[in-house]
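J.: Before anything else, here's the structure in question.
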Amino acid sequence: MKEISKHYDPQETEPKWREFWEKEGIYKFNSKAQGEIFSVDTPPPYVSADHLHAGHVMSYAQAEFIVRFKRMCGFNAYYPMGFDDNGLPTERFVEKKYKINKSKISRSDFIKLCLEETKKGSETYRNLWTLLGISVDWSKTYSTINEHCRRISQWSFIDLYNKKKVYRTKKPILWCTTCRTAIAQADLEAEEKESNLVYIKAKAETGETIVFATTRPELLPAVMGISVHPEDKRYKNIIGKNITMPLTKKKVILTADEATDMQYGSGVVYYCSYGGGECIEWLSRHPEAKPIELVLPNGRFSSSGGAYEGMKVLEARKKIIEDMERVGAIEKIEPIKHSVYVHERCGTDVEYMESEQWFIKILESKKEFLKRGQELHWFPKTMKRNYDDWVSNLKWDWCISRQRYYGVPFPVWYCEKCGEVILPDMKDLPVDPLEEQPKIKSCPKCKGKKFFPEKDVFDTWQTSSLTPIIAQKLIGDSTTQKKLYPSSLRPQAFEIIRTWLFYTIVKSHYHHNQLPFVNAMISGHGLDEQGRKISKRLGNYIPPEKIIEEYGADAVRYWATGATLGQSLKFNILEVKKGRRTTTKLWNIARFMAMHETKPKLVQSGSQLERADIWILEEMNKTIAEATKNFENYTYAKAKDAIDDFFWSKLADYYIEFIKYRLFGEDKRSKEAAIKTLAMVFFNVIKMYAPIMPFVTEEIFQEFFKSAEKTKSVHLSKWPKELNFSKKTNISDFKDAIKAIDEIRKFKTEKGISLGIDIESLKLKTKVDLKKYGEFLKKAGRVKKLA
RNA sequence: GGGCGCGUAGCUCAGUUGGUUAGAGCAUCUGUCUUACAAACAGAGGGUCAGAGGUUCGAGUCCUCUCGCGCCCACCA
């Protein structure tokens, strides 16, 4: 027998198996392989996340436990990998990294930089995922900016256009003045901010002074109207009268509007274009009012701002308050805290402005989306509430056009003469209308011959909402394609339910009239050891590569297994260390087993099994049942606990001690039964740990169990089933024997006697059938006489 | 303001449909190099299960309220 090293060293073994898996294509998808397909709609991470940390590791590892489990259960796993590398996240990243501004660089240079960063980013990911042993099929990858994805994204747009789910219109929209683009409701984030509620005095034509309160006094030049509640007695007599604004001297009519809250401020509200969603709603009830374009796309005041032209919003606010104070138009200023919407990518206060944009209709189908949410299997169930809340509260159709550079272009031209929308042929996709002309020679509507391109690009989610289709179409043959949609599993984090998950359902509903995936597994966040969010800014993380280098990938994965689905998990170096110790322990048991040469041909019949053997086999069966159930429910933390408990406390601490006297004894039958049982049980332990710790289990499998199951890798071996063996011997009283063993151990420990030393005699307090267990207790407990 | 989740040993958490002295790991203390493992093993101490009230023969577990923490959502100008 060749020499087996005494210590398990992940640094040495892990690279070996990484190469082996890659070379042998262990995780390669084979459409002709047996087994039902289990397909994963892997989250394509933003490649702009150049600082990968434990949080990333956690969320991807968690999904991966399930894939490995399913693979061992005989499913044909389809586990591709994607990278989300277009749109604002990448642009923002490049802008920050190179300190550039979109307006000061050419579009093509900018895109070039983005592509470079994208490439670097995906390599960073691939390296870490490989280190971690994430079992994706690296021959099935996509990036959301590549041709494959552009084609599908543009196809989706045209299909929705044909289905009348997409429209273009000019209306007030959400706008980010920093990113200089329209954004969608899902891109908003509420932020609690300090502000001032300014009470402004205005003169009514009747001579009375009327006071209204606002947090946005700078929008005074864009005032559209002013309202009170129709029942408000204080103002009844001046409804319908002219009100003159201070400074601008602009006159508006005081209207009655039921939406006005009599209790808030002075009970008078002024509406301007646009102070917020409420102004837009008010406008829809008061068509007589005229919006004014005050804030320009760059965040500065237009000429409509008069004296404030060219100022940024906050400057103008300061100045206008000063000016009003000077003319005595301010009654008082109350400091308040209120939540304002900011753009989640850059934190800028969101403006509302009128603009022409493309939208996907979502408001009209809320009910259908809620129904889809009901059809979906949520893990954990409570996450559905999150989705329901979001869908029910939607207020805007999905704005998909972005006035940006780096993204999938709209496949759209317009007729110069009549403005007709010209779309390409599906077969010509993807197109870049900035680079090419439409194939048709003249406008079908007006026969015009000149066209101009749509310059906007898609919202990044317009493409990533199609990942199940993108993944499906990576496979060529159509028979397999059919089996790949919908995906079996969508693993993702909770904070993108309202975006990625929701938008994917929208698309699938419109395109295919079905769910895009059967199960959704929602993970929480990885936090730092104090429970704070991990971020580059706080620097509160150790690079995962460092941790892997020190403790091994298995150990890091072991930590990640500890999370409850949907809940955040604090990073805990002690758990990583525990993982490391588990690999060592597994290795040691393997060595022990190998000392007693055996082939895990495993247990044959019950006749030669002794009570301890039956006990451990029954415990093993319970553990297999428990681990299987929990992996199936995605509660891998519980699966891990069950396996840990069985392995450490039952197998290592008891069973091995129970059989030592037999392994070193004379009775060949008894020895054989013990060896076989040990091999059987340990083999199944290895298999059960395989999804969690793929490296050490592979090492042990290749070294000791290869002959037992004719597969190339433990990861292609069969997930353990409960073992059938003769249950003729009733061992329900074996727990008394264990209690007796405990008593013997306690006795020796308290006397300071080594457990390895035989003692002369002991009178047991534990009630145990000595006729049955006397011999066993004496030998396993190392006591010469028992009473 | 609404919703969801959490609050159990010094720390991190398990506690299934309510049922005997509330569990684990780590940490602490004591002992042991036992023919796999001292990166281990054996043992010990440690908890008014956030607080109050209620239902019940019986509550960490169910109900109500209070306090604290986290998250999601919400146009109050």
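Quick note: the coordinates plus some simple rules give every number you see, no bench work behind them. None of the values given here were measured: they were computed from a predicted structure. Please note: Cβ atoms are built from the backbone with ideal geometry, for glycine as well, and neighbour counts cover all protein chains shown.
J.: Taking the DSSP beta bridges in chain A as the whole, what percent of them are antiparallel, to the nearest 5? Show your work: numbers first, answer last.
T.: Values: 56 of 81 bridges.
Of those bridges, close to 70 percent are antiparallel.
J.: Based on other C-beta atoms within 10 Å, arrange A:ASP137, A:ASP187 from fewest to most.
T.: Details: A:ASP137 19, A:ASP187 24.
Ascending Cβ contact count within 10 Å gives the list A:ASP137, A:ASP187.
J.: Go ahead and run the numbers for FRET between A:GLU278 and A:ASN127, Cβ-Cβ distance against an R0 of 41 Å, rounding to 0.05. Before the final figure, lay out the partial values.
T.: Details: r = 49 Å, r/R0 = 1.21.
Approximately 0.25, to the nearest 0.05.
J.: Compute the angle between helix A:573-595 and the longest alpha-carbon principal axis of chain A, please, reported from 0 to 90 degrees and rounded to the nearest 10.
T.: Once rounded, one gets 30 degrees.
J.: Let me ask something additional. Ignoring everything except DSSP H segments at least 4 long, calculate the 222 nm mean residue ellipticity for chain A; use -39,500 (n - 2.57) per segment, divide by total residues, nearest 500.
T.: Details: 23 runs with 295 residues, N = 787.
It comes out at -12000 deg cm²/dmol, rounded to the nearest 500.
J.: Loop only per DSSP, at most 13 neighbouring Cβ atoms within 10 Å: give me the GluC sites (Glu not before Pro) in the stretch A:1-104, ordered by residue number.
T.: On the way: sites: A:GLU3, A:GLU12, A:GLU19, A:GLU22, A:GLU24, A:GLU36, A:GLU64, A:GLU91, A:GLU95; in loops: A:GLU3, A:GLU36.
Qualifying residues, ordered by number: A:GLU3, A:GLU36.
J.: Are there any trypsin sites (Lys or Arg not before Pro) in the stretch A:702-787 that are in a DSSP loop and have at most 15 other Cβ atoms within 10 Å? List them by number. Please report the intermediate quantities before stating the final value.
T.: Values: sites: A:LYS706, A:LYS710, A:LYS712, A:LYS718, A:LYS721, A:LYS727, A:LYS728, A:LYS735, A:LYS739, A:ARG745, A:LYS746, A:LYS748, A:LYS751, A:LYS763, A:LYS765, A:LYS767, A:LYS771, A:LYS772, A:LYS778, A:LYS779, A:ARG782, A:LYS784, A:LYS785; in loops: A:LYS710, A:LYS712, A:LYS718, A:LYS721, A:LYS727, A:LYS728, A:LYS763, A:LYS765, A:LYS767, A:ARG782.
Answer by residue number: A:LYS710, A:LYS712, A:LYS718, A:LYS721, A:LYS727, A:LYS728, A:LYS763, A:LYS765, A:LYS767.
J.: Enter the angle in degrees (range 0 to 90, nearest 10) between the Cα long axis of helix A:668-689 and the first principal axis of the Cα atoms of chain A, meaning the one along which they spread out most.
T.: 10 degrees
J.: Next question. Modelling each spin label as a point 7 Å along the Cα-to-Cβ direction, I'd like the A:SER303/A:ASP645 distance in nm, to one decimal.
T.: So the two model labels end up 7.8 nm from each other.
J.: Next up: Treating the beta-carbon of each Lys and Arg as +1 and of each Asp and Glu as -1, no other charges, what is the dipole magnitude of chain A about its Cα centre, to the nearest 20 debye? Spell out each step's value before the answer.
T.: On the way: 130 positive and 105 negative charges, 353 e Å.
That gives a dipole near 1700 debye.
J.: What whole number of Å gives the distance from the Cα centroid of the stretch A:358-393 to the Cα centroid of the stretch A:19-40?
T.: Computed from Cα coordinates, the inter-centre distance equals 33 Å.
J.: Name the residue from A:ALA213, A:HIS715, A:VAL506 whose Cα lies farthest towards the positive end of the charge dipole of chain A, charges +1 on Cβ of Lys and Arg and -1 on Cβ of Asp and Glu.
T.: Comparing the listed Cα positions along the dipole, A:HIS715 ranks first.
J.: Hey, another quick one. What's the extension gain from A:GLN437 to A:ASP425 if we count 0.36 nm per residue and subtract their Cα-Cα distance? Walk me through the numbers on the way to the answer.
T.: Working: separation 12, 0.36 × 12 = 4.32 nm, distance 1.22 nm.
So the extension gain works out to 3.1 nm.
J.: Taking 0.36 nm per residue of sequence separation and subtracting the Cα-Cα distance, how much length would be gained by fully extending the chain between A:LYS785 and A:LYS23, in nm to one decimal? Working shown, then result.
T.: Working: separation 762, 0.36 × 762 = 274.32 nm, distance 5.89 nm.
My answer for the length gained is 268.4 nm.
J.: Sequence gap at least 6, Cα distance under 8 Å: using those rules, report the relative contact order of the stretch A:278-335 to the nearest whole percent.
T.: Values: 33 pairs, mean separation 9.4, N = 58.
Relative contact order for the stretch A:278-335 comes out at 16 percent.
J.: OK, next. Suppose each label sits 7 Å from its Cα in the direction of the beta carbon; what would the A:HIS148-A:ASN513 distance come out to in nanometres?
T.: It is 2.9 nm.
J.: What is the Cα centroid distance between the stretch A:299-319 and the stretch A:717-785, reported in whole angstrom?
T.: 86 Å
J.: Here's another thing I want to ask about it. How far apart, in nm, are the 7 Å Cα→Cβ label points at A:GLU760 and A:ARG285?
T.: The answer from the label model is 9.9 nm.
J.: Please compute the length gained on full extension between A:ASN393 and A:LYS449, using 0.36 nm multiplied by the number of residues separating them and subtracting their Cα-Cα distance.
T.: Working: separation 56, 0.36 × 56 = 20.16 nm, distance 4.46 nm.
Fully extending the segment from A:ASN393 to A:LYS449 adds 15.7 nm.
J.: Can you compute the FRET efficiency between A:LYS718 and A:ASP9 using 1/(1 + (r/R0)^6), with r the Cβ-Cβ distance and R0 = 30 Å? Round to the nearest 0.05.
T.: Values: r = 29 Å, r/R0 = 0.95.
For A:LYS718 and A:ASP9, the calculated efficiency is 0.55.
J.: Report relative contact order for chain A in percent, whole number only (criteria: Cα-Cα under 8 Å, sequence separation at least 6). Kindly include the intermediate steps, with their values, before the conclusion.
T.: Working: 1369 pairs, mean separation 121.8, N = 787.
Across chain A, relative contact order equals 15 percent.
J.: For a label point 7 Å from the Cα of A:GLU368 along Cα→C-beta, name the residues of the stretch A:506-526 whose backbone N is under 11 Å from it.
T.: A:506-514
J.: Right, next: Enter the angle in degrees (range 0 to 90, nearest 10) between the Cα long axis of helix A:383-392 and the first principal axis of the Cα atoms of chain A, meaning the one along which they spread out most.
T.: 10 degrees
J.: Evaluate E = 1/(1 + (r/R0)^6) for A:LYS236 and A:ARG537, where r is the Cβ-Cβ distance and R0 equals 51 Å; express this FRET efficiency to the nearest 0.05. Mind dumping the intermediate values first?
T.: On the way: r = 54 Å, r/R0 = 1.06.
Once rounded, the FRET efficiency stands at 0.40.
J.: Pairing rule first: another cysteine's C-beta must sit under 4.7 Å. Under that rule, which cysteines of chain A stay single?
T.: A:CYS73, A:CYS114, A:CYS149, A:CYS272, A:CYS279, A:CYS346, A:CYS399
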